[in-house]
Amino acid sequence: NCASPADLDKVHLASIYLANVIGSVTTTGSLVAFAKLDGRMDSSPMKHPARDQINMGLGATTLGAGAVLMGGPEFGTGLAALGGSLTTSGMLGWHMTASIGGADMPVVITVLNSYSGWALCAEGFMLDMPILTTVGALIGCSGAALTKIMCDAMNRDILSVILGGYGTKASGKGEAMKFEGEATTTNVDDVVALLAESSSIIIVPGYGLAVAKGQYPLKELVDTLTAAGKKVRFAIHPVAGRMPGQL
């Protein structure tokens with residue numbers, strides 16, 4: 001405890017600032033991720049032509065407010081700087097998450113989960129509670145590790161995901177990417193024939209199944225196949241399977 005906010009040392013000021021900023025980014029980003037996964041927002045990424053510039057401007061403003069706060073100003077000025085960083089970081093979290101497509105939301109969720117851990121870690125420093133610092137560091141590190149694993153599985157650039165698609169095209173202009181190899185297509189009749197002729201079937205649920213809410217028809221299909229004497233198993237999707245509750 002201290003008699004005046006101006007008496008706080010740099011460690012506590014930095015902890016207050018980081019907990020404030022990271023918590024704000026996590027909150028607004030989580031709300032957007034939920035809205036996209038729940039179908040309340042368009043799952044396609046926001047394609048504003050000045051997307052990267054907006055993110056950089058909000059980030060610079062947030063850092064500027066932090067610099068004012070770290071200068072140990074009077075109570076009113078410090079509170080205004082803290083409130084300003086809360087607002088701009090919240091807008092940054094909303095805009096960065098909205099700039100990422102719905103198919104990448106599982107990765108975004110792990111990033112936000114990692115952010116929440118680092119916010120908790122900062123709060124531990126602020127409140128002088130080592131248990132909060134330790135638990136927050138564990139959550140932050142595990143979330144970061146899971147994010148890296150999922151980005152590798154989805155062939156996504158981790159830095160681009162964390163920075164809200166920074167460096168990617170904001171519009172669909174330019175030459176389309178060329179894919180090598182052969183694509184295998186099928187239809188309902190062919191799938192039915194394959195299922196009827198197969199004795200062992202492996203199903204890999206993914207993001208599309210979750211969006212289409214197809215788990216209930218899939219359950220009926222599995223019951224029908226099992227009753228017909230077929231062996232049905234489920235494989236873990238490299239991304240969707242790591243997100244409990246998504247499927």
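The values are calculated or read from the model by the stated rules, or taken from the named source; none is laboratory data. Everything numeric here is computed off the predicted structure, so don't read it as measured data. All Cβ positions, glycine included, derive from the backbone under ideal geometry; neighbour counts span all protein chains shown. Keep in mind that these areas ignore ligands, DNA and RNA; they rest on the heavy atoms of the full protein, side chains included. Shrake-Rupley method; radii C 1.70, N 1.55, O 1.52, S 1.80 Å.
Using the Cα coordinates of region 14-54, the gyration tensor eigenvalues translate into equivalent-ellipsoid semi-axes of 25, 17, 4 Å, sorted from longest to shortest.
Over the Cα atoms of region 1-158, the radius of gyration divided by the Kirkwood radius equals 1.02; this is the Rg/Rh ratio. Write down Rg/Rh for region 1-71, rounded to two decimals, with Rg from the C-alpha atoms and Rh from the Kirkwood relation over Cα pairs. Across region 1-71, the Cα-based Rg/Rh ratio is 1.14. Computed from the Cβ-Cβ distance with R0 of 30 Å, the FRET efficiency linking V188 to A227 stands at 0.90. Projected onto their three principal axes, the Cα atoms of region 49-126 cover extents of 46, 34, 13 Å, largest first.
Would you mind checking K47/K219; K10/K36; K47/K213; K10/K47; K47/K148 for any pair whose Cα atoms are more than 31 angstrom apart? Correct reply: K47/K219; K10/K36; K10/K47. Taking all protein chains into account, the per residue accessible area for region 75-115 stands at 33 Å² (1.4 Å probe).
When peptides 93-106, 24-37 are sorted by average Cβ neighbour count within 10 Å, with the highest value leading, the order is 93-106, 24-37.
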